[in-house]
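> Have a look at this one.
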Amino acid sequence: AGDSPQIRELLRRVRLVARSDAPVWIFGDDGSGRAIIARVIHDRSARRRQPFLAFNLLAYTDDEMARVLFEGPDAAVNRARDGSLFLERIGSAGPALQRALVHYLETRPAESARLLVGVQRDPGAQGIVASDLYYRLKVLEVEIPSLKERARDLEQIVARMLERLGGEGKRPMITAATLRLLERYSFPGDLLELAHALTH
């Protein structure tokens, strides 16, 4: 939602990146919607009718994640074949998992899952993963602007979120005074914090 220059640039970039099959490095603040952007890239790509699988690496040990991704016929790379695989929090991958990802990227067949990875906003993020993995993953980049960078979109974002909260035929409202309070708040938790504040 919104029409700020930042959101227009993000949408332009998403459309461009969706045309490719190269890995995508998606970075933004926590709560900014990295998984949503990954899904939008998939849905606008030629792979949109194929599976989209998403994993938050913080939810797994390295060994568990390596098994889920690569072991057996039910491995995620097989299930997402011709589709997209989104790995959130790539910076929490340990050395063994990073080596397994490098091996996958080096040896994968032409028909294989497209990798999209999510990282916290950090223009100098090279240090969060080993350089051999970093340069294989950071082919295309999408940076998500923070909510405070696109404050002019807040009213439209709030309206969209309230629509979703209201469900069928009901739309919760907030007062103009409440909206002004929201506009003055910095939202360190970004869109996620805003969504939870509106739910509350």
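The values are calculated or read from the model by the stated rules, or taken from the named source; none is laboratory data. On a predicted model such as this, the values are computed, not experimentally measured, just so you know. Here the Cβ positions follow ideal geometry from the backbone for every residue, glycine too, while neighbour counts run over all protein chains shown. To get the accessible areas, we keep the full protein, side chains included, count just its heavy atoms, and leave off ligands, DNA and RNA. Shrake-Rupley method; radii C 1.70, N 1.55, O 1.52, S 1.80 Å.
> For the chain, what does the accessible surface come to per residue with a 1.4 Å probe? Please give it in Å².
Values: 10980 Å² over 200 residues.
Value returned for the chain: 55 Å² of accessible area per residue.
> Report, in debye and to the nearest 20, how large the dipole of the chain comes out about its Cα centre when Lys and Arg carry +1 and Asp and Glu carry -1 on their Cβ.
Roughly 680 debye for the chain.
> Here's something else I'd like to know. Figure the gain on full extension for residue 55 and residue 186 (residue separation times 0.36 nm, minus the Cα-Cα span) and round it to one decimal in nm.
44.3 nm
> Could you tally the net charge around residue 189, taking each other residue with its Cβ under 9 Å from the Cβ of residue 189, Lys/Arg +1 and Asp/Glu -1? Walk me through the intermediate numbers first.
Working: positive: none; negative: 29, 30, 190, 193.
Residues close to residue 189 contribute a combined charge of -4.
> Sticking with this one: Would you work out what percent of the accessible area of the chain, with all protein chains in place, is carbon or sulfur (probe 1.4 Å)?
The C+S portion of the solvent-accessible surface of the chain is 51 percent.
> Largest first, what is the accessible-area ranking of 199, 178 with a 1.4 Å probe?
Sorted descending by solvent-accessible area, the residues read 199, 178.
> Just subtract the alpha-carbon distance of residue 78 and residue 63 from 0.36 nm times their residue separation and send over the number in nm, one decimal.
Taking residue 78 through residue 63 to full extension adds about 3.6 nm, to one decimal.
> Can you pull the three principal axis extents for the Cα set of the chain, in Å, largest first?
Rounded to whole Å, the extents work out to 56, 36, 31 Å.
> Let me ask another. Could you sort the peptides 55-66, 87-98 by per-residue average Cβ neighbour count (10 Å cutoff), highest mean leading?
87-98, 55-66
> Ranked by accessible surface with a 1.4 Å probe, highest first, in what order do 186, 84 come? Working shown, then result.
Numbers: 186 65, 84 0 Å².
Result of the area sort, largest leading: 186, 84.
> Would you tell me the accessible area of residue 138, worked out with a 1.4 angstrom probe on the heavy atoms of the protein chains, in Å² to the nearest 10?
It works out to around 40 Å².
> On to the next question. To one decimal place, what orientation-averaged projected area in nm² is obtained for the convex hull of the Cα set of segment 1-113?
7.5
> Let me ask something else. Mind checking which helices in the chain clear 15 Å along their axis (Cα) and have mean Kyte-Doolittle hydropathy of -1.0 or more, DSSP H runs only?
5-18, 95-107, 154-166
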